[in-house]
Amino acid sequence: MLFMPAAVGLLYQAVQPHPWPHRLLAIALLLAIFEQAHMARVDLRNVEAVGQRLGDSRLQHFGQVVIWTVVGQLVGFYGAAVGYLGWGMAVILLSVIGFNLVATLRLEPTATQPIQAADWRSRLDVLSLDAIALILACLWIGQHFQNWVAVGMFAITALYSASKLVTYAKALGQQPSAIHVAHAAQEHPQAPQQN
């Protein structure tokens, strides 16, 4: 629910009479916010579920990493919602990159081994895409190639959203909170039920 006021702000940015690149980037971030809210919920629930099942001390650190990532995303989305699209996007991506560099676990609550090791090298493809998106955010902030940045971010977000919809459609028979696929240009590159 914490993400929803920012979604309203992004929708507001998208319908204002701003130049089309501004509106297109706002739409791209609006598409991304729903999946990010879902990913945050899945991660927090997985930490809770695995914590109830196991008393592993590593979960406390991982839980803190997840919370700080969600806080960073909220700051970024709210910044974008009030009109600072480039800065907001940069904060969101820095949060995601930070998560992927610092998180050393992958949680799978229903697996035999619910806690699995996962260092940043296992997330290299996601980190690479996040870095590209961060470069786009920096170009936007520097007011360079804003048309291309908006189109690029919209294309990344639309393709990602479409792939997630296909994945969710295939997984309809599974428990809803367990359905999750890693975000290629964003955060938690984990197994289908973990961010």
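Tabulated data
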quantity	calculated
For the chain, calculated [θ]222 nm from helices alone, where every DSSP H run of n ≥ 4 adds -39500 (n - 2.57)	-23500 deg cm²/dmol
Per residue, in Å², the accessible surface of the chain once ligands and nucleic acids are set aside, probe 1.4 Å	50 Å²
Descending Cα extents along the principal axes, the range 1-71, whole Å	53, 16, 14
Accessible carbon and sulfur surface of the chain relative to its total accessible area, %, 1.4 Å	68 percent
Among 57, 128, 163: highest mean-square fluctuation, GNM of the chain, C-alpha pairs under 10 Å	57
Cα extents of the range 79-120 along the three principal axes, largest first (Å)	46, 20, 7
Under the Debye formula (equal points on every Cα, no solvent term), log10 I(q)/I(0) of the range 1-123 at q = 0.16, 0.20, 0.21 Å⁻¹	-0.77, -1.01, -1.08
Interchain or long-range residues, amide H under 5 Å from residue 115's placed H	108
Computed Kirkwood radius, in angstrom, where 1/r is averaged over Cα pairs of the range 68-168	14.9 Å
Where labels lie 7 Å past Cα in the beta-carbon direction, separation of residue 56 and residue 120 in nm	2.1 nm
Förster radius 22 Å - calculated FRET efficiency between residue 12 and residue 87 (Cβ-Cβ, nearest 0.05)	0.80
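The values are calculated or read from the model by the stated rules, or taken from the named source; none is laboratory data. If you're wondering where the values come from, they're calculated on a predicted model, not measured in any experiment. All Cβ positions, glycine included, derive from the backbone under ideal geometry; neighbour counts span all protein chains shown. Areas reflect the complete protein model, heavy atoms only, side chains present, ligands, DNA and RNA absent. Shrake-Rupley method; radii C 1.70, N 1.55, O 1.52, S 1.80 Å.
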